[in-house]
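The structure appears below as structure tokens.
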Amino acid sequence: MAVSNRVETGYADVLVGLQYGDEGKAKIIDVLAPNYDVIARFNGGANAGHTIDTPQGQISLKQVPSGIFNENTKLYVGSGCAVNLWKLSVELDAIAAHGIDLRGRLRLSDRCAVVQPMHLLLDQRNGRQIGTTNNGIGPCYADRVMRMRDGIQVNIQLRDLLRDTDAALAAMVKNVAGELSVATDQVRQEVDEQLRSLPSLIDKLRPYVESDRAYLSKLVNQGARVLFEGAQSIMLDVVHGDQPYVTSSHTIPSYAFVGGDLSSRYHRFTIGVAKAVVSRVGQGPFPAELGGERSAKYCADAAITGLGKRVEAEQYKPEELLKSKDAFDVGMALRMMTGEYGTGTGRPRRIGMLDLSQLKEVVQTFGIDFVYINKFDCLSLYEKTVYGGVPVLMPLAEGQSHGEGEVKVLPAFPVLPSGSSLKPEDLPTALVELKAFIECRIGAEVVGVGLGPERDRTAEFKKPEQWLIQSRR
Ligand code: IMP
């Protein structure tokens, strides 16, 4: 028999958020990272993000993929991403200050769209009604499709900046001129400084830029195992979410194989991350919102007035609100007790009950194989509410239409002491039964649940090495 020394080909799994973002995807990636050689982003930009507590202080990651602490893991930013070079530079400095050198580990596709000062200004002027993060991502993607406007190139890819910095810079200056004509002196000065700093920024970032679009394919062909990290979440997809209250990129898992620069032939599993106490920031439909319209308006106003965590903490007693008969109060109590505020802005997030109807639809439509549910421990708070247990919005029965779903109350489980065992066999029976109820209703296996704010508090019911022997349903 001929002996083959062919290297076994690798594969790519995709991890996406199943709700409205902020499900704690990075916490799950931490758990999974040792099983992968590359963590790759395929959509979004600095509108994503999470904060990591380290012994040396916090690091805020926005554009660099998760997994920076795993020194054997390579990090890739695919061409589907919109890059803010100024913020990326700050991010890399912060990472370096923690003693982590990403040279040789981090690669950015040279086809990434560059966020320009014009995009930031346009988003600030137009994004409020949607509640955007003001990162210019929407205008940047819009220009990627527009390509030229009035004879000027409006989409600048990283490679344009690298090949001819002066020409790209000149286009950026022309592109922002209209916005600057109605801007304050302060804004004009800021933009001027941004543009002036660009050439040195290019020199600094050049070593990270990857011009080979087969970069990831080559690694996978040599056996690399890739995990695609979705930014934002399925309910915010530019097409599949509720326009216009969505982000501007595709967040659905199949887009990983477009914006992530890899053939879909390497796809293995799709992993979804949900949150047991659901949250949404910005405007838009949220069927399971506690306090409905009132909560939506309260949070929208708070984003404008700047009312946030501190004010709520001064004004309200969450333990009392939790017992209220008013769902709005229960939502506020849950927000305060589970810390649901924007990481950068501190703005209050809208809070909702677990929506199994939506989860089931998303899981089935987008082919989710395995699910993690974060903040599962927070469900025990519902015991003290008027519900007397955990309320969930049930999948629609035959003949029911959107909005007619039944709310079912399931037995709550006791509060877990901090540091308690995370072994499945040591967990309260009611918790395990609740998990089984959920997986049965949504049609996907819940392989892990988050049981505390610390990044290592995840109970794993089925570890990734066991997924391998699991055949697809
Ligand atoms: P944009 O992505 O900044 O254009 O914002 C569009 C919508 O997506 C707004 O409702 C944002 O609050 C929301 N959004 C964008 N990024 C995130 C995220 O990482 N988590 C949660 N919501 C997000």
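Between 0 and 90 degrees, the angle of helix 165-181 with respect to the longest Cα principal axis of the chain falls at about 60 degrees. Selection among Tyr208, Asn374, Thr345 by position relative to the dipole of the chain gives Tyr208 as farthest towards the positive end (Cβ unit charges, Cα centre).
Take every Cα pair under 8 Å in segment 363-465 that's 6+ residues apart, average their separations, divide by the length, and report that relative contact order as a whole percent.
Working: 145 pairs, mean separation 34.3, N = 103.
This gives 33 percent for segment 363-465.
Place +1 on the Cβ of every Lys and Arg and -1 on the Cβ of every Asp and Glu in segment 315-473, take the dipole about the Cα centre, and give the residue among Pro391, Ile442, Ala333 whose Cα lies farthest towards its positive end. My answer, from the dipole projection, is Ala333. Helical runs assigned H by DSSP (4 residues or longer) give the chain a calculated mean residue ellipticity at 222 nm of -10000 deg cm²/dmol, each run adding -39500 (n - 2.57) before division by the residue total. In terms of surrounding Cβ atoms within a 10 Å radius of their Cβ, Val209, Val446, Val415 rank from fewest to most as Val415, Val209, Val446. Computed from point charges on the beta carbon alone (+1 for Lys and Arg, -1 for Asp and Glu), the dipole magnitude for the chain about its Cα centre is near 620 Debye. Seen from Leu201, the other residues with C-beta closer than 13 Å to its C-beta sum to a net charge of 0, counting Lys and Arg as +1 and Asp and Glu as -1. Computed over the chain, relative contact order equals 18 percent, with contacts defined as Cα pairs under 8 Å that lie 6+ residues apart.
Checking the cross-link pairs Lys408/Lys462; Lys62/Lys408; Lys309/Lys423; Lys317/Lys360; Lys375/Lys408; Lys74/Lys360 against a 31 Å limit on the alpha carbon distance flags Lys62/Lys408; Lys309/Lys423; Lys317/Lys360; Lys74/Lys360 as lying beyond it. Computed over neighbours whose Cβ is under 11 Å from that of Ile234, the net charge equals -3, Lys and Arg +1, Asp and Glu -1. Per-residue Cβ neighbour counts within 10 Å put Met146, Met332, Met394, Met118 in the sequence Met146, Met394, Met118, Met332, beginning with the fewest. For the chain, the longest principal axis of the C-alpha atoms and the axis of helix 356-365 are separated by about 50°.
Counted by Cβ distance under 12 Å from Asp212, the other residues give a net charge of +2, where Lys and Arg count +1 and Asp and Glu count -1. Which aspartates and glutamates have a Cα less than 18 Å from the Cα of Lys204, not counting those fewer than 8 places away in the same chain? Here the aspartates and glutamates satisfying the reach criterion relative to Lys204 are Glu91, Asp93, Asp101, Asp110, Asp160, Asp164, Asp166, Glu193.
Express the relative contact order of segment 64-118 as a whole percentage, based on alpha carbon pairs under 8 Å and six or more residues apart in sequence. Provide the component values of the computation, followed by the final result.
Values: 58 pairs, mean separation 26.7, N = 55.
Over segment 64-118, the number comes to 48 percent.
Of Arg335, Arg163, the sequence from fewest to most neighbouring Cβ atoms within 10 angstrom is Arg163, Arg335.
FYI, it's all coordinate maths here, none of it is from the lab. Since we're looking at a predicted model, the values are computed, not measured. Cβ sites come from the backbone with ideal geometry, for glycine too, and all protein chains shown count toward neighbours.
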